[in-house]
Amino acid sequence: MEALLQKYFGFTTFKNGQRQVIDTLIKGESAAAIFPTGAGKSLCYQLPAMVLPGLTLVVSPLLSLMKDQVDFLLSCNIPAARLDSTLDREEYNQIMAKAKNGELKILMISVERFKNERFRYFLGPIAISLLVIDEAHCISEWGHNFRPDYLKIPAYQRQFRVGQTLVLTATATPQVIDDMCEKLDIPRNNVTLTGFYRSNLFLQVTPIAQAEKANHLAGRINQAPLAPTIVYVILQKTAQQVAALLRKQGIHAAHYHAGMKNPEREEVQNRFFKGDLTCVVATIAFGMGIDKRDIRRVIHYDLPKSIENYSQEIGRAGRDGNDAFCEVLANRDAIHVLENFIYGDTPEQASIHAILDRIKANPDENWEISVLTLANELNIRVLPLKTLLVYLEIQGIIAPKFSYYKEYAFKFIRSAQEIVHTFQEERQGFVQAIFDHCQTKKVWSMVDMDGIIQSYSTDRKRIVTALEYFDENGWIQLKSQKSMEMYEIKSKAFDTNTLSLRLYNLFTTRETHEIQRIKSMIQFFESNACLSARLARYFGETLEQTSCGHCSFCASGQARIEHSTPLKPLSSIDFSTITNDFMNTGPDKASVLNLTKFLCGIHTPLLTRLKVKSSPGFGALERYPFQEVKEWIQDHNHG
């Protein structure tokens, strides 16, 4: 192993915990690596991948993370690739061909890629030695970034006959570790936890009024203007505003958030890596998987979303082992903005009831849906809707059968006649049947799946395989669209009122848990003990020392976080002025809950469809407590 480490990566020794995880995998067992950010989790699969006989398939949550990892592996002469939406047809086909031919050792994908019909057909015959789940806390409902699609990974593991699994994360509490191990059948003894304590990070909590933040931030950065710095904010608009303010102060800063186009984000990231850019002001979209080792400061302009987020974000500082400074500019002014993200993910009980009604009314056992269409119709965000579908699976109401694209379309690069005459006998007749059942409009030809199946007595899989083959050979350019989910209805023997309430309570329980997570974070920043020791204990590690000497508590004592900007009483705000635009959309849409979300700036499918986000009232009360706004609306309507 040491020889391979030197050969591929140029390192002479393993970091803490790496060898233990690698030995477990080489023995043929599954494992978990719970290492702090920047502590070398990725090597735990990168090295075994070169020893294991088959493909190592890595599930990763972010495009930027995949790109960085693959670029690094290629620089080490390790055959690796990624499949994502940025690839053109030729690049995609080249990667698929390499994987089929055994020329790849590592392939990185998003979890959503498993839902792609074309990808599943491709993956079927390939021998997968190891399935790696990065940011694996996403599989746990008690993790800080739960993603319901991750819950399906154990089923994919069985479907593709994967014998070994490795989970990686930097932010897992003991409860989340237990949850991951149970779901993915990893022996608890095969969990390697190296500890979260970082002796080179100074943890500073600075209580400060909102109006003073910008000047304080500029002053802090100007203490060492060339030191690479990440400034974290909550909202996209704040990222743009703060970056502009810093530039006015002569600081070389740029903003970064998920609302930017991919090329813009990549440009900012690349400039920061190269050192052309001193400071990036970003939402949490920036940072996952970034391996810039000389980041000297991580400053939270707004409070982070949770202790887990905080730990992950400060973990990007000082990866070179040298001292780094991590500061939180803290007040309570934006706490309700954080809470509003959570309230936006709780669907109305009426929407849950409507889904159950649809299941009961469905004429047979197959239930076909488009998640995006259903989310818009029922005014449930896509993520909570996916979570609801998983809850229905757990309740035994539905079972997922498969996902597919409803529509396939292509444009000819070679003529239909040329393609048909490439084949002989039965195959020629089959290919002719495909083209006979296509409707061409100008450039693109739509594939009539049902027509081909009925006329030629074939099945869908053979048609998709043929189209895929034409595309790989450069005869057509193929695209798929309108993702559909097919479920089997396992039971209709439920009382809709009772079940909708039970499911709604699952969401409200999670909502309460997430709100408590914010309160726990405030309690942590106001800690009456060493911050480093408290942070380590949160993640299940006990430090020998009770005082680290490099946090603001050890340096100057306990911080007190207060509200700095007084809010006007809701009773003094003119109701009609800020609600008129939304009320005019119609009484059927302007329910108390919808109006509350509108005023609190919570994005929902309904508000997107009504195009009211540019209204002056949208987000007008974003700094007020959600429940207070809701009660104020109810009182006003009642009055």
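Since G259 meets every condition but one in (1) over 30 Å from A559 (Cα atoms); (2) at pLDDT below 90; (3) surrounded by 21 or more Cβ atoms within 10 Å (Cβ to Cβ); (4) not basic (K, R), which condition does it not meet?
(3)
Which residue is farthest from L65 (Cα to Cα), if the candidates are limited to the stretch 310-322 and must be in a loop (DSSP other than H, G, I, E, B) and in contact with a strand residue (DSSP E or B) (Cβ under 7 Å, 6 or more places away or on another chain)? Spell out how you get there, then give the answer.
From the stretch 310-322, those in a loop (DSSP other than H, G, I, E, B) are 315-322; that's our starting set.
When the remaining residues are screened for being in contact with a strand residue (DSSP E or B) (Cβ under 7 Å, 6 or more places away or on another chain), the result is 316-318.
Values: R316: 13, A317: 17, G318: 19 Å.
If we take residues in the stretch 310-322 being in a loop (DSSP other than H, G, I, E, B) and in contact with a strand residue (DSSP E or B) (Cβ under 7 Å, 6 or more places away or on another chain), then G318 is farthest from L65 (Cα to Cα).
When the residues of the stretch 229-256 are narrowed to those that are in contact with an Asp or Glu (Cβ under 7 Å, 6 or more places away or on another chain) and hydrophobic (A, V, I, L, M, F, W, C), which ends up surrounded by the fewest Cβ atoms within 10 Å (Cβ to Cβ)?
I234
Tell me, which residue of the stretch 168-220 that is hydroxyl-bearing (S, T, Y), in a strand (DSSP E or B) and within 15 Å of A136 (Cβ to Cβ) is modelled with the lowest pLDDT?
Filtering the stretch 168-220 for residues that are hydroxyl-bearing (S, T, Y), in a strand (DSSP E or B) and within 15 Å of A136 (Cβ to Cβ), the one modelled with the lowest pLDDT comes out as T169.
Give all pairs with beta carbons closer than 8 Å in which a residue from the stretch 485-499 that is touching a residue at least 60 places away in the same chain (Cβ under 8 Å) and aliphatic (A, V, I, L, M) meets a residue that is buried (at least 16 other Cβ atoms within 10 Å of the Cβ) and part of a helix (DSSP H, G or I); count only pairs at least 6 apart in sequence or on separate chains.
Close Cβ pairs satisfying both conditions: I489/I359; L499/L356.
Quick one: in the stretch 324-346, of everything that is outside any strand (DSSP E or B) and among the aromatic types (F, W, Y), which residue is surrounded by the most Cβ atoms within 10 Å (Cβ to Cβ)?
Within the stretch 324-346, the match that is surrounded by the most Cβ atoms within 10 Å (Cβ to Cβ) is Y343.
Could you tell me whether the stretch 599-613 includes any residue that is over 30 Å from R381 (Cα atoms), in a loop (DSSP other than H, G, I, E, B) and not aliphatic (A, V, I, L, M)?
no
Conditions tested, residue by residue: (1) within 25 Å of the chain's Cα centre (by Cα); (2) β-branched (V, I, T); (3) surrounded by 14 or more Cβ atoms within 10 Å (Cβ to Cβ).
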site: S351; (1), (2), (3): yes, no, yes
site: L356; (1), (2), (3): no, no, yes
site: S370; (1), (2), (3): yes, no, yes
site: L378; (1), (2), (3): yes, no, yes
site: L383; (1), (2), (3): yes, no, yes
site: I419; (1), (2), (3): no, yes, yes
site: Q424; (1), (2), (3): no, no, no
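So which residues in the stretch 594-612 are surrounded by fewer than 17 Cβ atoms within 10 Å (Cβ to Cβ) and either over 24 Å from the mean Cα position of the chain (by Cα) or more than 24 Å from Q349 (Cα to Cα) (or both)? Quick ask: steps written out before the conclusion?
Here is the first cut: in the stretch 594-612, the ones surrounded by fewer than 17 Cβ atoms within 10 Å (Cβ to Cβ) are 603, 608-609, 611.
Listed by number, the list holds a single entry, K611.
Does any residue of the stretch 213-228 turn out to be surrounded by 21 or more Cβ atoms within 10 Å (Cβ to Cβ), among the aliphatic types (A, V, I, L, M) and under 28 Å from the mean Cα position of the chain (by Cα)?
Checking the stretch 213-228: not a single residue is surrounded by 21 or more Cβ atoms within 10 Å (Cβ to Cβ), among the aliphatic types (A, V, I, L, M) and under 28 Å from the mean Cα position of the chain (by Cα).
Are there any pairs with C-beta distances below 7 angstrom linking a residue in the stretch 334-361 that is free of Cβ contacts under 8 Å to residues at least 40 places away in the same chain to a residue that is outside any helix (DSSP H, G or I), with the two at least 6 apart or on different chains, and if so which?
Short answer, once both residue conditions are applied: S351/N379; S351/I380.
Out of the residues in the stretch 269-292 that are aliphatic (A, V, I, L, M) and over 20 Å from the mean Cα position of the chain (by Cα), which is modelled with the highest pLDDT?
The residue in question is V280.
Given the conditions (1) farther than 20 Å from V191 by Cβ; (2) out of contact with any helix residue (DSSP H, G or I) (no Cβ under 7 Å at 6 or more places or on another chain); (3) not in a helix (DSSP H, G or I), report the number of the one that F11 does not fulfil.
All conditions pass for F11, except number (2).
Based on what the data block shows, is A555 of a type in the set (G, A, S), in a helix (DSSP H, G or I) and out of contact with any Ser or Thr (no Cβ under 8 Å at 6 or more places or on another chain)? Break it down into steps so the answer makes sense when it comes.
Numbers: of a type in the set (G, A, S): yes; in a helix (DSSP H, G or I): yes; out of contact with any Ser or Thr (no Cβ under 8 Å at 6 or more places or on another chain): yes.
Yes, satisfied.
Would you check which residues across the stretch 294-309 are in a helix (DSSP H, G or I) and either crowded, with 21+ Cβ neighbours inside 10 Å or in the same structural domain as F626 (by TED's automatic domain parsing) (or both) and list them?
I307, E308
Do we have L131 as aliphatic (A, V, I, L, M), surrounded by 20 or more Cβ atoms within 10 Å (Cβ to Cβ) and under 30 Å from E514 (Cα atoms) here?
So L131 passes the test.
Considering each residue of the stretch 482-509, count those that are in a helix (DSSP H, G or I), within 30 Å of the chain's Cα centre (by Cα) and surrounded by fewer than 13 Cβ atoms within 10 Å (Cβ to Cβ), and give that number.
The total comes to 3.
Which residue, of D471, D459, is surrounded by 14 or more Cβ atoms within 10 Å (Cβ to Cβ) and in contact with a helix residue (DSSP H, G or I) (Cβ under 9 Å, 6 or more places away or on another chain)?
It is D471.
May I ask you to list the residues in the stretch 439-475 that are without any contact (Cβ under 8 Å) to a residue 24 or more places away in the chain, of a type outside the set (S, T, N, Q) and either over 20 Å from F119 (Cα atoms) or in a helix (DSSP H, G or I) (or both)? Show your work before the answer.
At the first step, the residues of the stretch 439-475 found to be without any contact (Cβ under 8 Å) to a residue 24 or more places away in the chain are 439-442, 448, 450-455, 457, 459, 469, 473.
Checking which are of a type outside the set (S, T, N, Q) leaves us with 441-442, 448, 450-453, 459, 469.
Matches in the stretch 439-475: K441, K442, D448, D450, G451, I452, I453, Y469.
Looking at the stretch 362-377, which of its residues are within 27 Å of K589 (Cα to Cα) and touching a residue at least 40 places away in the same chain (Cβ under 8 Å)?
The first filter runs over the stretch 362-377 and keeps only residues within 27 Å of K589 (Cα to Cα), leaving 362, 368-377.
Listed by number, the residues that qualify are N362, E368, I369, S370, V371, L372, A375, N376.
The values are calculated or read from the model by the stated rules, or taken from the named source; none is laboratory data. Fair warning: this is a prediction, and the values are worked out from it, not measured in the lab. Cβ sites come from the backbone with ideal geometry, for glycine too, and all protein chains shown count toward neighbours.
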